[in-house]
Amino acid sequence: MLAFAYAPLVNVIALQSDIAWENKAANFNKVRRLLADAAPEKNALVALPEMFATGFTMNTATMPDSYGGETEQFLSATAAEFGVCLVAGAPVRGRDGRARNKALVFSPSGDLLAYYAKMRPFTAGGESGHYAAGERPVVFSWRDWTIAPFICYDLRFPEIFREATAAHQPHLFAVIANWPVNRIHHWVRLLQARAIENQAYVVGVNRVGRDPQHVYTGRSVIVDFHGEILANAGDRECCISATLDLGALLEYRRALPFLADLRTARLSSAEPPARQE
């Protein structure tokens, strides 16, 4: 246990907001106000919902920013203003001209630390017809923590979380979403399952309010590696927070080294397993 005594704590904040439909300026102002009210401590990790500045829009003609566009500029400036590491979702148009649903990560100095493209666009909602899918999980390092962002519908696919775990063993998963009320009971249970099976903390950030298609009732939560809920935002616009202990997580993994038995899937070109008599 002494080996983990110095491991840092990190304050994690989930910002649960009502998103004004396709109105970036209004949503920028909302986020800044909610963050100011929350008064986050320096170097906190703050997570905003999926497509926090537009809502879950399929308007890929006008809503996606190009690299370095106004949404990235806002996130960079806000991370620097509050001195936090900021994770947020936005539609972004790549250099290939295709739009992707992304999670963007900015450091307290305003630098882009990482970006992740949603691997599982929501086909039932038409997303896969408008946004190109990402190809692989992404992790970034923050204050000795390894963190993997995922987006909404990704949560239903444990294999991509396992892919990240097999390669990097993230300490924290940040799942940003626009998850509607009619499936909200799945949201909480799936977040808890991803925490338990990957021996990791999970922060799940949803929105409240409504868009032209859906109603959202939040339930942003911060979950520990036992699947226990440390903070729950309920159905109101607010920020919730919890202080997470990396030392406690590493000690838990040391005592119960389940991840050492993780077997990654073989590629389809691999040889078939030997016949068992």
Query raised in the report: What percent of all Cα-Cα pairs in the range 126-277 falls in each 5 Å bin, counting up from 0?
Result: 2, 8, 17, 20, 18, 14, 10, 6, 3, 2, 1, 0, 0
Query raised in the report: What list of ³J(HN,Hα) values in whole Hz, one per residue of the range 46-56 in order, does the Karplus curve 6.51 cos²θ - 1.76 cosθ + 1.60 (θ = phi - 60°) give from phi, with Gly and Pro shown as x?
Result: 10, 10, 10, x, 4, 6, 4, 9, 10, x, 7
Report summary line: Beyond 31 Å, the calculated P(r) of the chain holds a percent of Cα-Cα pairs equal to 23
Query raised in the report: Given charges of +1 on the Cβ of Lys and Arg and -1 on the Cβ of Asp and Glu, with all other atoms neutral, how large is the dipole of the chain about its Cα centre, in debye to the nearest 20?
Result: 380
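Can you give the calculated 222 nm mean residue ellipticity of the chain, where each DSSP H run of n ≥ 4 adds -39,500 (n - 2.57) and the sum is split over every residue, rounded to the nearest 500 deg cm²/dmol? Display every interim value, and only then the final one.
On the way: 5 runs with 64 residues, N = 277.
After summing the helix terms and dividing by the residues of the chain, the value is -7500 deg cm²/dmol.
In nm, what is the difference between 0.36 nm times the number of residues separating residue 132 and residue 156 and their Cα-Cα distance? Provide the component values of the computation, followed by the final result.
Numbers: separation 24, 0.36 × 24 = 8.64 nm, distance 1.82 nm.
So the chain would gain 6.8 nm between residue 132 and residue 156.
Work out which chymotrypsin sites (Phe, Trp or Tyr not before Pro) in the chain are exposed loop sites (DSSP not H, G, I, E or B, at most 13 other Cβ within 10 Å) and give the longest gap free of them.
Details: sites that count: 6, 67.
In short, 68-277.
First measure r as the distance between the Cβ atoms of residue 59 and residue 167, then evaluate 1/(1 + (r/R0)^6) with R0 = 41 Å and state the FRET efficiency to the nearest 0.05.
Numbers: r = 35 Å, r/R0 = 0.84.
For residue 59 and residue 167, the calculated efficiency is 0.75.
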Report summary line: Computed from every Cα-Cα pair in the range 1-142, P(r) in 10 Å bins starting at 0 and rounded to whole percents is 12, 41, 32, 11, 3, 0
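Can you give the FRET efficiency for residue 9 and residue 73, using 1/(1 + (r/R0)^6), R0 = 41 Å, r = Cβ-Cβ distance, to the nearest 0.05?
Details: r = 31 Å, r/R0 = 0.75.
In this case the efficiency is close to 0.85.
Rounded to the nearest 20 debye, what is the charge dipole size of the range 20-146 about its Cα centre when +1 sits on each Lys and Arg Cβ and -1 on each Asp and Glu Cβ?
Details: 14 positive and 13 negative charges, 39 e Å.
So the dipole magnitude of the range 20-146 works out to roughly 180 debye.
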Requested in this report: Give the Rg (one decimal place) followed by the Dmax (whole number) of the range 55-100, computed from C-alpha coordinates and expressed in Å.
Outcome: 11.7, 33
Query raised in the report: With θ set to phi - 60° and the Karplus curve 6.51 cos²θ - 1.76 cosθ + 1.60, what are the ³J(HN,Hα) couplings of the range 148-162 in order, to the nearest whole Hz, using x for Gly and Pro?
Result: 10, x, 9, 10, 6, 4, 3, 4, 7, 10, x, 5, 6, 5, 5
Query raised in the report: Rg and Dmax of the range 8-72, using alpha carbons, in Å: what are they?
Result: 13.3, 44
**Report entry** Distance (nanometres) between label positions extended 7 Å along Cα→Cβ at residue 36 and residue 252
**Finding:** 3.7
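Throughout, read-outs are computed from the coordinates displayed, never taken from laboratory work. Keep in mind that this is a model prediction, so the values were computed, not measured. Because the Cβ atoms are built from the backbone with ideal geometry, glycine has one as well, and the counts that use them run over all protein chains shown.
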